[in-house]
Amino acid sequence: MFRIGFVCGLILALLTILTFRVFNETDLELLKPQLKLYKGSSLLIEFLFLIGLNLYCFNTSAINHKLIFGLDPRDHLSCYHIFEMAGVLTVCWCASVLASLHPPVLSIPQQLHPLLFHSLLLFLLLNPFSIFHAQARRWLMVTMCKVLAAPFQPVGFSECWLADQFNSLSPLFLGLRDLLCFYQINWRDMWSDSPPSAVSLDCGQYSMAVTCLIQCFPPWLRFAQCLRCFWDTGHSLHLLNAGKYFTVFLMVTFAGLYNMARERSALLVEGRIYLYIWAVATCTGVLVTVSWDLRMDWGLLQGNGLLKDELVYSQQLYYYAAMLADVLLRVSWAINILLAQMKDSSAAATASALLAPLEVLRRCIWNLFRLENEQLKNCEKCCAVRDFWNIWRHLEKDQNGKGDKTACWGNRCRDSSMYLKKKICLYGNEQNSFEIVVHCSFPYCTELSSPTVSFVHSNPTVRLELKQYS
């Protein structure tokens, strides 16, 4: 907590200095290159802060995200770790922006500061040493590889969740594209004294096509995952989910066609046609995605007003506010798809930079209720602890010494609640059968061995009862 407070103080001081620097700037055009080169990393930092807030809400509401994501309950990142990482990155981000605005201070070329900062981010993610939360980074990298390999292997909840986060972070990928394009074109002028606004930020004639491909890439990941889930399960619901992401392809495609026609004044009629088709595709896409968010992802619209019978969060107002926010922010997300492709309009670029953080905010609101719904599904399935099988290989021999009573889990158990009372019948002989009743106030792994009952458990409130009945 001390480190978080110290970092917050540094952030306030640096943001204050940065604000004064911006308001004292006579030519705001000099700040536009910094906005383009740093906007992607600013979205990443905002995302980390909001993920930390998500974890805090999960802990206070008894939502076991550790089980849902398959994390080690004894070694995982808490919300305070996330806040600390986001705070440190914010300090580095502010320092890099200030250094790029005052290049004579460090005698480093002005254009080099964004590259140094993003290289730092890449090093923190990919460094092979057991530092900077190595296990969490390893989990992230493995999950990312599984997301990329979605059509070729089974898909789990963690892979679907991470791919959904990528859908809201497409402006981050566009920002990285701008960064790479900037250094590819202007590398020879890196050591010159000219400011970034004096050199080209245009990515060339294929800029529009590359933008469309980047915007389509995250939806394609989820689209491929849905097809793989349909292949594995045969449930037609996954095809409907794939159709939802297909509407995003239509929105991006017709937005790109409209912008290409708009840049050529001779195609005004064709541009209007593309705009009308984009508007129809956008209305359809927003309607489908909002309906899927509320009904399928959040489990709402099932009773109890517009909500559902069982609620984890204490106030119904939270649900109604989230439903309204999801509708409004989905509309802003759809509009931003069009604005992000208008490279020739400074007003559109500014509006896009303002709308991109709202989509990250919407995604983190979505996370709160998506994991709540997953929690309730686990409770309905009596899934309240981690998967473990064959907890008792040999219970005991019967009185006549004929055979062993072998015990094993008859189903999988996953966690979801602060209080668990789960009965599991054990296989016995014809005269006797057994049941285990496990009581725990918080989900941890419990390990039983034969013939003596033993626990690997850090919570002393856990107890086990073995009952015999005929």
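The values are calculated or read from the model by the stated rules, or taken from the named source; none is laboratory data. Everything quoted here is computed from the prediction, not taken from an experiment. Quick reminder, even Gly has a Cβ in these numbers, built from the backbone with ideal geometry, and neighbours come from all protein chains shown. Protein only, heavy atoms only, side chains kept; ligands, DNA and RNA dropped before computing areas. Shrake-Rupley method; radii C 1.70, N 1.55, O 1.52, S 1.80 Å.
Please count how many residues of region 1-16 are of a type in the set (A, V, I, L, M) and surrounded by fewer than 12 Cβ atoms within 10 Å (Cβ to Cβ).
2
For the subset of region 171-191 comprising residues that are of a type in the set (D, E, K, R) and modelled with pLDDT of 80 or more, which member is surrounded by the most Cβ atoms within 10 Å (Cβ to Cβ)?
Pass one, region 171-191, residues of a type in the set (D, E, K, R): 177-178, 188-189.
From the residues that got through so far, the ones that are modelled with pLDDT of 80 or more too are 177-178.
On the way: R177: 17, D178: 22.
Ranking the candidates gives D178 first.
Every residue, every condition in (1) of a type in the set (S, T, N, Q); (2) more than 30 Å from S236 (Cα to Cα); (3) crowded, with 21+ Cβ neighbours inside 10 Å, yes or no:
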| position | (1), (2), (3) |
| --- | --- |
| T284 | yes, no, no |
| V290 | no, no, no |
| L307 | no, no, no |
| L338 | no, yes, yes |
| M342 | no, yes, no |
- request: Tell me which of these H81 doesn't satisfy, since it passes every other one: (1) touching a Leu at 6+ places or on another chain (Cβ under 8 Å); (2) surrounded by fewer than 16 Cβ atoms within 10 Å (Cβ to Cβ); (3) part of a helix (DSSP H, G or I).
  value: (1)
- request: Being among the polar types (S, T, N, Q) and farther than 23 Å from F166 by Cα is the filter; apply it to region 192-238 and report the residue that is modelled with the lowest pLDDT.
  value: S197
message: Scan region 20-43 and tell me whether some residue there is more than 28 Å from the chain's Cα centre (by Cα) and of a type in the set (S, T, N, Q).
response: yes
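Within region 267-280, does at least one residue satisfy the condition of being within 14 Å of M251 (Cα to Cα), in a helix (DSSP H, G or I) and touching a Gly at 6+ places or on another chain (Cβ under 7 Å)? If you could, list the steps in order and put the result at the bottom.
Within region 267-280, the first condition is being within 14 Å of M251 (Cα to Cα), and the residues that meet it are 273-280.
Next, only the ones that are in a helix (DSSP H, G or I) stay: 273-280.
When the remaining residues are screened for being touching a Gly at 6+ places or on another chain (Cβ under 7 Å), the result is none.
So far as region 267-280 goes, no, none of its residues is within 14 Å of M251 (Cα to Cα), in a helix (DSSP H, G or I) and touching a Gly at 6+ places or on another chain (Cβ under 7 Å).
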- request: Scan A321, A325 and give me the residue that is farther than 30 Å from C216 by Cβ, open to solvent by 20 Å² or more (accessible area, probe 1.4 Å) and at pLDDT 95 or above.
  value: A321
message: I'm trying to understand the selection: among the residues of region 101-148, which are open to solvent by less than 60 Å² (accessible area, probe 1.4 Å), touching a residue at least 24 places away in the same chain (Cβ under 8 Å) and of a type outside the set (A, V, I, L, M)?
response: P109, Q110, Q111, P114, F117, H118
statement: Counting only residues that are under 16 Å from the mean Cα position of the chain (by Cα) and over 21 Å from N64 (Cβ atoms), region 143-154 contains a total of 5
statement: Within region 241-266, residues being among the basic types (K, R), more than 11 Å from P219 (Cβ to Cβ) and either part of a helix (DSSP H, G or I) or open to solvent by less than 50 Å² (accessible area, probe 1.4 Å) (or both) number 1
- request: Would you mention how many residues in region 18-61 are part of a loop (DSSP other than H, G, I, E, B) and either modelled with pLDDT of 90 or more or open to solvent by 50 Å² or more (accessible area, probe 1.4 Å) (or both)?
  value: 4
- prompt: D72 passes all but one of (1) open to solvent by 30 Å² or more (accessible area, probe 1.4 Å); (2) modelled with pLDDT under 95; (3) under 29 Å from P114 (Cβ atoms); which number fails?
  reply: (3)
query: Restricting to region 152-166, what's the tally of residues that are loosely packed, with under 14 Cβ neighbours inside 10 Å and assigned to a helix (DSSP H, G or I)?
result: 2
message: Anything in region 286-324 that is among the charged types (D, E, K, R) and part of a helix (DSSP H, G or I)? List them, or say none.
response: D293, R295, D297
message: What are the pairs with Cβ atoms under 7 angstrom where one residue, in region 42-63, is on the phi > 0 side of the Ramachandran plot and the other, located anywhere, is of a type in the set (S, T, Y)? Sequence gap at least six, or different chains.
response: A62/S417
query: Conditions: (1) more than 30 Å from W220 (Cα to Cα); (2) of a type in the set (S, T, N, Q); (3) under 19 Å from the mean Cα position of the chain (by Cα). S96 meets all but one. Number of the miss?
result: (3)
